[in-house]
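Worksheet for the structure shown next.
The values are calculated or read from the model by the stated rules, or taken from the named source; none is laboratory data. The structure displayed is predicted, hence computed values, not measured ones. Positions of Cβ are generated from backbone atoms using ideal geometry, with glycine treated the same way; all protein chains shown enter the neighbour counts.
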Amino acid sequence: MYKKIASNTFSQIFSKVGTALISIFLLSILTNYLTVEMFWMYSKIYNYVGIFVFLADLGLYTIAIREIANNKKDSEKIVWNVLTLRTILWLIIFIFAIWIAFFLDGYNSQLALLWITIACFFTMFQLWNSSILTLMQAHMKMEFSLVSTILWKLANFLCILWIVFLLFPEVNNGNYFYPFLCIMLSGLLWTICMTTLNFRYAKKIGKISFLFDRQYILKIFKMSLPYGIALFLSVVYFKIDVILLSIMEPKEIADRSVALYSLPMKIVEVIMVIGGFYLNAMLPKISQDFKNNDLTSANKLINFSFKVMYAGSLLMVCLGILFREHIIAIISKPEYLDTSLAFHSWDAAIVVFGVILFHFVSLVFIYTLIASNQQSKLLRINLIVTLINIIWNIILIPYLSFMWAWIVTIISQLVLMILWYFYTRQTVSVSIGLWFIFRHLIFAITLFSIWYYIMDKFPLGNILSILIYGFGLFWFYMLFFYFEFKEVINKLRKKTEA
């Protein structure tokens, strides 16, 4: 079991690291090719569609993994009924998203509606793909997804290179219609290819088909609805600021504000997914422990996961804030670091990367509640925080622009983390370990200060700084991480060998 968990976790994290690197290079291509205003359009559309897609997903990926872990013999029934349910939900949400866009200024142009439609079909195939991955995840056979995901991302990257440098190397009169259309279609095409590859592999595990067991679909829908709405609300408070900025600010500055804010947010969103992959790999084992009422085993795995996520988030925050200027300079145009502006992406990155710390820790509490079948508790917390978030943004965005969006995002994530912790404590004894928290925090601050001093005294340029100083800090922190968890790692190794 532990060997499978390790293999499953490694496959997903390695896959995400590989795709994250490709995504950053892809982001560099787009920010340098598109104008700031066109990048705003790109970010705006994906943020808009991203909010709706979580309603179509409804948290079914995570719920299905837990259900399969507890009922392996019904795995095919679970997965393919979930696939049917997701498709029905997607169709409803697709119509709803297009309808709402007609009434939103900046989203109701023919161009925006076309791109929203393409983005919606892109998400449909992603939903189908994640349904297939549910079966692979529950059986801990995610190794193939490592290949298919990286191949898809790499193929999409190469295709966009061809579009930007060969097909449309020059844009006449600022008309980005056809280049942008090709970029959107490229993402759709390669998502279809990735889904097809995973489909062919998953057939080795079990039969794949759409199933419509009305009674079971209603059961799993009711089961996932509270978590799905909670998940939707968490996406709303995380993305609503971009939509509010685009609607509420004067048009002459709205495009630029959203683009400057969206760039570091996109980098952070790529990183944030890593934590979810780790906990999805842990979910089957934790779910089985709760089902078997083995709270001792569940507590050990949850407390270990808390420590891993906390330490990992501190490393991400250190790297992100230290190298934010270098990363943004490499992947974007000089406008994103224009210090003559009141705010720029460099400022946004400081707070945006800070969100990672609270998000990673929060995930441990969220997955604990899901594993123990108490996901309904997430709904009331997310509803309250989302409403407060929206009200704060509506009141203060006209005065503080996207500076307030940063502040609200990080405050919301902090409040959610605290509330989720207290709810989780009612289920299991989560050992926070104040000395562990303080020790790692001091180490991270010390390491950050030393690296900041060295980088300030001996600058190496953007790329060399990341390669030398960045990898140096990473491996130095990993060495500390190894000695911190050496005893646990050795125990797991012995269990794996046994």
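Scan PHE458, PHE485, PHE471 and give me the residue that is surrounded by fewer than 18 Cβ atoms within 10 Å (Cβ to Cβ), modelled with pLDDT of 85 or more and farther than 25 Å from PRO264 by Cβ.
Numbers: PHE485 fails: modelled with pLDDT of 85 or more; PHE471 fails: farther than 25 Å from PRO264 by Cβ.
Within the list PHE458, PHE485, PHE471, the selection yields PHE458.
Looking at segment 291-304 only, could you name the residues that are surrounded by fewer than 22 Cβ atoms within 10 Å (Cβ to Cβ) and not charged (D, E, K, R)?
So in segment 291-304, the residues surrounded by fewer than 22 Cβ atoms within 10 Å (Cβ to Cβ) come out as 291-297, 299-301, 303-304.
Listed by number, the residues that qualify are ASN292, ASN293, LEU295, THR296, SER297, ASN299, LEU301, ASN303, PHE304.
Among the residues in segment 194-205, are any closer than 18 Å to GLU76 by Cα, outside any helix (DSSP H, G or I), modelled with pLDDT under 75 and aliphatic (A, V, I, L, M)?
The answer is yes; a qualifying residue exists.
Based on this model, can you work out whether PHE343 counts as at pLDDT below 70, closer than 16 Å to MET265 by Cα, not basic (Lys, Arg) and not in a helix (DSSP H, G or I)?
Against the criterion (at pLDDT below 70, closer than 16 Å to MET265 by Cα, not basic (Lys, Arg) and not in a helix (DSSP H, G or I)), PHE343 qualifies.
On the basis of being surrounded by fewer than 20 Cβ atoms within 10 Å (Cβ to Cβ) and either within 20 Å of the chain's Cα centre (by Cα) or at pLDDT below 85 (or both), does VAL355 make the cut? Don't jump to the end; show me each part of the working.
Numbers: surrounded by fewer than 20 Cβ atoms within 10 Å (Cβ to Cβ): no; either within 20 Å of the chain's Cα centre (by Cα) or at pLDDT below 85 (or both): yes.
Here the answer is no, as VAL355 does not meet what is asked.
On the given criteria, is ALA64 in a helix (DSSP H, G or I), hydrophobic (A, V, I, L, M, F, W, C) and modelled with pLDDT of 75 or more?
Yes, satisfied.
Among the residues of segment 240-262, is there at least one that is modelled with pLDDT under 70, of a type in the set (Lys, Arg), in a helix (DSSP H, G or I) and out of contact with any Lys or Arg (no Cβ under 8 Å at 6 or more places or on another chain)?
Checked against the condition, which is being modelled with pLDDT under 70, of a type in the set (Lys, Arg), in a helix (DSSP H, G or I) and out of contact with any Lys or Arg (no Cβ under 8 Å at 6 or more places or on another chain), segment 240-262 yields at least one hit.
Which ones in segment 436-450 are surrounded by 12 or more Cβ atoms within 10 Å (Cβ to Cβ) and either modelled with pLDDT of 90 or more or within 27 Å of the chain's Cα centre (by Cα) (or both)?
Just the residues of segment 436-450 that are surrounded by 12 or more Cβ atoms within 10 Å (Cβ to Cβ), to begin with: 436-437, 439-441, 443-445, 447-448, 450.
Matches in segment 436-450: PHE436, ILE437, HIS440, LEU441, PHE443, ALA444, ILE445, LEU447, PHE448, ILE450.
Just give me the residues in segment 90-137 being surrounded by fewer than 16 Cβ atoms within 10 Å (Cβ to Cβ), modelled with pLDDT under 80 and aliphatic (A, V, I, L, M), in sequence order.
Matches in segment 90-137: LEU104, LEU111.
Which count do you get for residues in segment 67-98 that are of a type in the set (A, V, I, L, M) and outside any helix (DSSP H, G or I)?
Going through segment 67-98 one residue at a time, the tally reaches 0.
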